[in-house]
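A.B. asks: Pasting a structure here, questions to come.
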Amino acid sequence: MRVLLVEDEARLADNLAAALRDGPGLAVDWAADGEAGDDAARNLCYDLVILDLMLPKLDGYGVLRRMRARKDATPVLILTAKEGKDAIVQLLNAGADDYLAKPFDLGELIARAKALIRRGKGAAHPTLKALGVELNTLEQTVHRGGSLVDLSPTEYHILEYLLHHPRKVVSKQELLEHLYDYNWEHHSNVIEAHVSNLRKKLDAAIPDAEPVIETLRGRGYRLSPEPSS
């Protein structure tokens, strides 16, 4: 999943980005002011925006209002020093999905970020299921037919993304944009290898069962249809 972090404090932004990348393995883009954040949100596709309120050039309220005015429904987690009831009501009325008051615990931020991403994908429950595959987004484990499937981080995130988009054809570029941050070009020649390894591991868990992932030449990948009963 890909996150936009809009935060003008460089040290805090570095710490947050590192925690989001190292913990749940999210791709993180950073914008240091509101105008840059609004531009990124307008032109790129994100699964979550983490937005500070006090920003140069354009404050967090302005970024949030612009997003919602153009019907951008991306979940937004606000970072704020304001904890009063009126301030929180104003945030929610402006279209915020959740907020954290500074200072906050990194573990809580990661937990809330993951919950908002799941909710935004229509998956409030942490377990995603298809074709005998069960992926737990909290434990980051994958089982098929009751057997644990040992995946690399990239294989895991490819599968998670496909499970969030059942039956949708997902292009290689779309996978790259959600698995990596701005500098993803040098990864483009390895996506096929990751998908191939992922497919082999999943199919080996239940020999002779329906393949989990289809490859559509020149178009991308998607989950195979569930067998009719």
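The values are calculated or read from the model by the stated rules, or taken from the named source; none is laboratory data. These numbers come from a predicted model, not from an experiment. Ideal geometry is used to build each Cβ from the backbone, glycine not excepted, and the neighbour counts take in all protein chains shown.
A.B. asks: Among residues belonging to region 115-130 that are at pLDDT 70 or above and within 21 Å of Cys45 (Cβ to Cβ), point out the one that is surrounded by the most Cβ atoms within 10 Å (Cβ to Cβ).
C.D. replies: So the residue we want is Ile117.
A.B. asks: Does region 55-78 hold any residues that are in contact with a strand residue (DSSP E or B) (Cβ under 8 Å, 6 or more places away or on another chain) and farther than 22 Å from Ala115 by Cβ, and which are they?
C.D. replies: Of everything in region 55-78, just one residue is in contact with a strand residue (DSSP E or B) (Cβ under 8 Å, 6 or more places away or on another chain) and farther than 22 Å from Ala115 by Cβ, namely Leu55.
A.B. asks: Select, from Ala111, Ala73, the only residue that is assigned by TED's automatic domain parsing to the domain that holds Leu26, assigned to a loop (DSSP other than H, G, I, E, B) and without any contact (Cβ under 8 Å) to a residue 60 or more places away in the chain. Please lay out each step first, then the result.
C.D. replies: Numbers: Ala111 fails: assigned to a loop (DSSP other than H, G, I, E, B).
The unique qualifying residue is Ala73.
A.B. asks: State whether one or more residues within region 4-18 are surrounded by fewer than 22 Cβ atoms within 10 Å (Cβ to Cβ), outside the structural domain of His164 (by TED's automatic domain parsing) and more than 29 Å from Pro153 (Cβ to Cβ).
C.D. replies: Checked region 4-18: at least one residue is surrounded by fewer than 22 Cβ atoms within 10 Å (Cβ to Cβ), outside the structural domain of His164 (by TED's automatic domain parsing) and more than 29 Å from Pro153 (Cβ to Cβ).
A.B. asks: Being modelled with pLDDT of 85 or more and part of a loop (DSSP other than H, G, I, E, B): is that true of Leu163 here?
C.D. replies: Considered against the rule, which asks whether it is modelled with pLDDT of 85 or more and part of a loop (DSSP other than H, G, I, E, B), Leu163 comes out as no.
A.B. asks: I've got another one for you. Anything in region 191-202 that is crowded, with 17+ Cβ neighbours inside 10 Å and either without any contact (Cβ under 8 Å) to a residue 60 or more places away in the chain or not assigned by TED's automatic domain parsing to the domain that holds Glu160 (or both)? List them, or say none.
C.D. replies: The answer is Ile191, His194, Val195, Leu198, Arg199, Lys201.
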